[in-house]
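Working notes, structure below.
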Amino acid sequence: MPEAGNAFGDLLRAWRRAQGVSQLELSSSTGVSARHLSFLETGRATPSRAMTLRLAGELKVPARERNTLLIAAGHSPDYVESMWEAPEMATVREVVDRILYSHMPFPALATDPMRNIVRANPSVAIFTEQLAPHLLGDNGIGGNVARMVLHPEGLSTHLVNLAPIRAAMLEYLRAQLSARPDPRIAALLLECESYPSPPALTEPDPHGSVLLSGQLRWGDRILSFYSTLLTFGTATNPAFTDLTLDLVFPADLDTADFMREFATRFETAAVN
């Protein structure tokens with residue numbers, strides 16, 4: 001966490017190290033002297049707005065964190081961040097909902113950089129109905145994906161192959177932290193690492209090793225899923241660029257048939 005009084009310098013150093021860039025390399029690519037960069041990182045100098053944006057661009061700092069850098073340097077943010085339910089976000093919500101609902105009867109959700117669920121289609125209930133109430137977010141959909149999966153009162157007790165799922169989830173968080181040095185991600189990673197670790201899986205994944213499938217125990221059934229993560233690569237609005245869409249697919253025909261039947265409850269509810 002950046003110290004008070006040198007927030008910008010600590011953030012700049014964290015981003016530079018996250019990108020594996022030395023002060024000399026950053027100096028060469030931006031035209032800012034290594035001496036001045038050293039002064040910026042130690043708090044002996046304050047960057048102009050233009051210099052802040054130049055350094056952030058070279059270090060590939062995402063829009064939301066670029067705002068944080070600007071504020072830490074004493075400048076106004078590049079954009080005003082809107083709450084997800086704000087009226088100006090209506091177009092974003094409409095586009096995201098169209099994608100998520102087109103994926104029915106299979107689960108699909110949208111998450112922020114912390115993997116907090118901000119939107120989901122009804123079939124995500126196949127996962128959220130098995131969670132302890134305190135793991136559900138204020139929107140009733142579900143809070144944080146990593147916490148939902150790994151918490152002892154979450155899906156961890158229902159996953160047949162928890163060990164590889166846990167390893168993949170922790171590796172994802174580590175990669176996120178490496179690319180995005182955010183203390184909130186660091187805290188989430190430490191929390192998830194503290195949850196009980198299951199024994200290593202002894203049975204091979206029946207669907208092979210090319211795709212890691214999650215095997216969920218649902219009553220007397222074992223449902224198998226795999227997922228793909230999508231981002232809006234060409235978007236310029238941070239509301240889009242910060243979103244990740246998680247589209248979940250059945251890994252076998254039995255699971256596909258079960259999900260089609262499971263989703264009929266939502267069609268009935270819509271009619272009623």
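Values quoted throughout were computed directly from the atomic coordinates according to the rules given, and no laboratory measurement underlies them. Fair warning: this is a prediction, and the values are worked out from it, not measured in the lab. Backbone-built Cβ (ideal geometry, glycine too); neighbour counts: all protein chains shown.
Among MET104, MET148, MET169, sorting on how many other beta-carbon atoms sit within 10 Å of each Cβ, with the fewest leading, yields MET104, MET169, MET148.
On a C-alpha basis, how far is the centre of the range 213-230 from the centre of the range 10-85 in Å? Whole number, if you could? One Cα centre to the other: 41 Å. Extending 7 Å from Cα along the Cβ direction at ASP112 and again at ILE71 yields two label points whose distance is 1.1 nm. In a simple Cβ point-charge model (Lys, Arg +1; Asp, Glu -1; nothing else charged), the range 15-102 has a dipole of about 440 debye relative to its Cα centre.
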